[in-house]
Amino acid sequence: MKTLTQDQIDAVIDWMNNWEQLKDTAISLRFKQDWEKQLNLAIVSHSRIYKPPLGLKPKWIHDQQRQGEIMAAINRYLEAGKTPPKEWAIEFASYCD
């Protein structure tokens, strides 16, 4: 796929702003928002547009998900009439600090 030049990007934005048929409708606004979102996600470098590589999940999201997984596992053990490992409770408590 060809990369867009800054002139091409500007031309699309101008076209969106002057799109008479659908001006101020949800379609043109949504298209413009999606286009601008893609531009904001991209990094412009040497007149080429690159998306940054996928990074890590933020730690706070990981911790929330892990806490939920621990609670689910503890509940499964309790429903089966088994005692959950104490390490699970210790790890769960560490996320509550």
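Key figures for this structure:
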| quantity | calculated |
| --- | --- |
| Relative packing of 80-87, 67-74, 51-58, which averages over residues the other C-beta atoms within 10 Å, highest first | 67-74, 80-87, 51-58 |
| Per-residue HN-Hα couplings for the range 77-85 [Karplus 6.51, -1.76, 1.60; θ = phi - 60°; Hz; x = Gly/Pro] | 4, 5, 5, 8, x, 10, 8, x, x |
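Values quoted throughout were computed directly from the atomic coordinates according to the rules given, and no laboratory measurement underlies them. Note that the structure is a prediction, hence the values are computed from the model and not measured. Because the Cβ atoms are built from the backbone with ideal geometry, glycine has one as well, and the counts that use them run over all protein chains shown.
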